[in-house]
Amino acid sequence: MPRRRWRSFNGHRGGKLKVSVIGSGTMGRGIGQIFAQNGYDVNQVDVDQTALNMAEKSILESLNKLYSKHAISESPEDILKRINFSDSMESVRRSDLVIEAVFEKLEIKTDTLSKISDTVDKDVIIGTNTSSISINFLSKYVRNPERFLGIHFFNPVPIMKLVEVVSSELTTEFYLKKASDLLVNVGKDPVFVKDFPGFVSNRVLMPLIREAILVFEENVANARDIDKTFRLGMNHPMGPLELADFIGLDVCQDIMEVLYINYGDPRFKAPVTLRNFVNSGKLGRKSGEGFYKYEVKK
Ligand SMILES: NC(=O)c1ccc[n+]([C@@H]2O[C@H](COP(=O)([O-])OP(=O)(O)OC[C@H]3O[C@@H](n4cnc5c(N)ncnc54)[C@H](O)[C@@H]3O)[C@@H](O)[C@H]2O)c1
């Protein structure tokens with residue numbers, strides 16, 4: 001695997017490119033993995049040591065799976081050696097690109113972004129993986145906001161090719177191009193979107209999921225038949241209820257709330273059934289039950 005050099009990126013920082021990922025949960029660990037898989041040095045950060053241990057385990061598992069299917073040729077152990085797992089923000093200092101993937105909570109995001117931009121050089125690209133918070137709003141917490149943008153990956157990150165690249169009013173073409181080149185280098189296929197709530201993906205997807213839940217609520221059809229309608233009738237790989245379970249019903253509810261507050265349109269209002277499921281701990285795949293039942297991996 002050829003080692004990528006900063007020289008080919010902006011021409012003035014020597015050595016191997018280092019990508020830091022802050023937050024090592026579902027998304028952060030996938031983001032770290034794809035950069036390591038493609039020859040970058042990765043600094044995988046989390047405040048929670050358990051999350052870091054789980055990230056290491058799950059990245060190795062995912063790499064092993066890809067290796068056994070011949071989707072990668074380098075050994076998983078060698079790829080893993082490029083990832084430094086750390087619970088210290090100091091480790092971010094010498095990065096060339098930093099991607100924030102912490103909890104979708106405003107205070108945690110703004111605090112993390114301030115710390116990142118206080119720590120790295122002023123020309124280092126800073127991206128946020130937020131699903132719903134305004135990039136313009138978050139850019140107030142980043143020094144030199146022309147290098148700040150939304151880099152919205154999809155779950156599971158190693159598999160899904162799409163990334164929504166979201167510019168604020170202050171992001172410059174220079175940094176948009178650099179970020180999108182990096183994403184292409186790790187096998188992603190970006191789309192460019194403006195900073196509107198839900199971007200393109202969730203703005204269009206959430207009303208579909210919401211309507212499917214209402215159809216379920218009104219007993220028009222059962223969950224299997226609702227999903228089958230979309231799989232067989234529209235050629236969707238997953239029906240809307242299966243997809244909601246996969247995303248996480250709590251996550252869907254949070255996104256609907258943000259869309260409803262921002263657009264004030266009832267087509268985004270979280271249905272009662274969704275709220276009841278979330279309140280009773282039925283969060284979809286991750287909790288073992290949502291619209292369907294699942295085996296939960298320990
Ligand atoms: N899950 C998805 O399908 C999905 C898809 C696209 C975007 N996103 C977005 O990605 C981000 C992360 O989501 P996730 O599903 O990976 O969440 P998650 O809950 O799985 O992981 C978040 C991680 O951030 C860590 N963290 C919290 N505060 C921190 C801090 N101050 N410094 C370092 N680490 C910290 C937590 O310990 C946790 O491990 C969110 O903004 C979410 O909206 C999620």
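The values are calculated or read from the model by the stated rules, or taken from the named source; none is laboratory data. Small disclaimer: the values here were computed from a predicted structure and weren't measured. As a convention, Cβ positions derive from the backbone with ideal geometry for all residues, glycine included, and neighbour counts pool all protein chains shown.
Of all residues in region 175-202, count the ones that are closer than 14 Å to residue 130 by Cβ and either over 16 Å from the mean Cα position of the chain (by Cα) or not in a helix (DSSP H, G or I) (or both).
At the first step, the residues of region 175-202 found to be closer than 14 Å to residue 130 by Cβ are 193, 195-199, 201-202.
Filter again for either over 16 Å from the mean Cα position of the chain (by Cα) or not in a helix (DSSP H, G or I) (or both), leaving 193, 195-199.
Number of matching residues: 6.
Scan region 94-130 for residues that are over 23 Å from residue 36 (Cα atoms) and touching a residue at least 60 places away in the same chain (Cβ under 8 Å) and report the count.
Going through region 94-130 one residue at a time, the tally reaches 1.
Tell me the helices (runs of 4 or more DSSP H) entirely within region 205-298 that contain at least 3 residues that are polar (S, T, N, Q) and out of contact with any Leu (no Cβ under 7 Å at 6 or more places or on another chain).
272-279
Residue by residue, here is whether (1) under 30 Å from residue 137 (Cβ atoms); (2) away from the ligand (no atom under 16 Å from the Cβ); (3) surrounded by fewer than 20 Cβ atoms within 10 Å (Cβ to Cβ); (4) not small (Gly, Ala, Ser) holds:
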position: 238; (1), (2), (3), (4): no, no, yes, yes
position: 244; (1), (2), (3), (4): yes, no, no, no
position: 248; (1), (2), (3), (4): yes, no, no, no
position: 264; (1), (2), (3), (4): yes, yes, yes, no
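Tell me, please, whether a residue that is over 19 Å from the mean Cα position of the chain (by Cα), at pLDDT 95 or above and on the phi < 0 side of the Ramachandran plot can be found in region 24-45.
Yes, region 24-45 contains at least one residue that is over 19 Å from the mean Cα position of the chain (by Cα), at pLDDT 95 or above and on the phi < 0 side of the Ramachandran plot.
For region 36-78, what are the residues that are crowded, with 21+ Cβ neighbours inside 10 Å and either within 11 Å of the ligand (Cβ to nearest atom) or farther than 26 Å from residue 102 by Cα (or both)?
Answer for region 36-78, where residues must be crowded, with 21+ Cβ neighbours inside 10 Å and either within 11 Å of the ligand (Cβ to nearest atom) or farther than 26 Å from residue 102 by Cα (or both): 44, 45, 46, 55.
Please tell me if residue 83 is within 10 Å of the ligand (Cβ to nearest atom) and within 19 Å of residue 28 (Cβ to Cβ). Steps first, please.
Numbers: within 10 Å of the ligand (Cβ to nearest atom): no; within 19 Å of residue 28 (Cβ to Cβ): yes.
Criteria not met by residue 83.
Go through region 153-176 and give me each residue that's among the acidic types (Asp, Glu) and within 16 Å of the ligand (Cβ to nearest atom).
So in region 153-176, the residues among the acidic types (Asp, Glu) come out as 164, 169, 173.
Correct list: 164 only.
For residue 134, all conditions in the list (1) crowded, with 19+ Cβ neighbours inside 10 Å; (2) touching a Pro at 6+ places or on another chain (Cβ under 9 Å) hold save one; what is the number of the exception?
Of everything listed in (1) crowded, with 19+ Cβ neighbours inside 10 Å; (2) touching a Pro at 6+ places or on another chain (Cβ under 9 Å), residue 134 misses just condition (1).
Note down all Cβ pairs under 8 Å where the first residue falls in region 274-293 and is under 23 Å from residue 25 (Cα atoms), the second is charged (D, E, K, R) and part of a loop (DSSP other than H, G, I, E, B), and they're at least six residues apart or on different chains.
Listed pairs, sorted by first residue: 288/295; 289/282; 290/282.
For region 98-152, which residues satisfy the criterion of being more than 10 Å from the ligand (Cβ to nearest atom), on the phi < 0 side of the Ramachandran plot and among the polar types (S, T, N, Q)?
Across region 98-152, the qualifying residues are 110, 114, 117, 119, 134, 136, 139.
Looking for something in the same structural domain as residue 37 (by TED's automatic domain parsing), outside any loop (DSSP other than H, G, I, E, B) and in contact with a Ser or Thr (Cβ under 6 Å, 6 or more places away or on another chain) - is there at least one such residue anywhere in region 166-173?
no
Please go through region 64-93 and give me each residue that is closer than 11 Å to residue 37 by Cα and assigned to a strand (DSSP E or B), ordered by number.
83
Specify which of the listed residues (95, 91) is over 20 Å from the mean Cα position of the chain (by Cα), buried (at least 17 other Cβ atoms within 10 Å of the Cβ) and within 16 Å of the ligand (Cβ to nearest atom). Quick ask: steps written out before the conclusion?
Values: 95 fails: over 20 Å from the mean Cα position of the chain (by Cα).
The unique qualifying residue is 91.
Looking at (1) surrounded by 14 or more Cβ atoms within 10 Å (Cβ to Cβ); (2) in the same structural domain as residue 42 (by TED's automatic domain parsing), which one does residue 259 not meet, given that it meets all the others?
(2)
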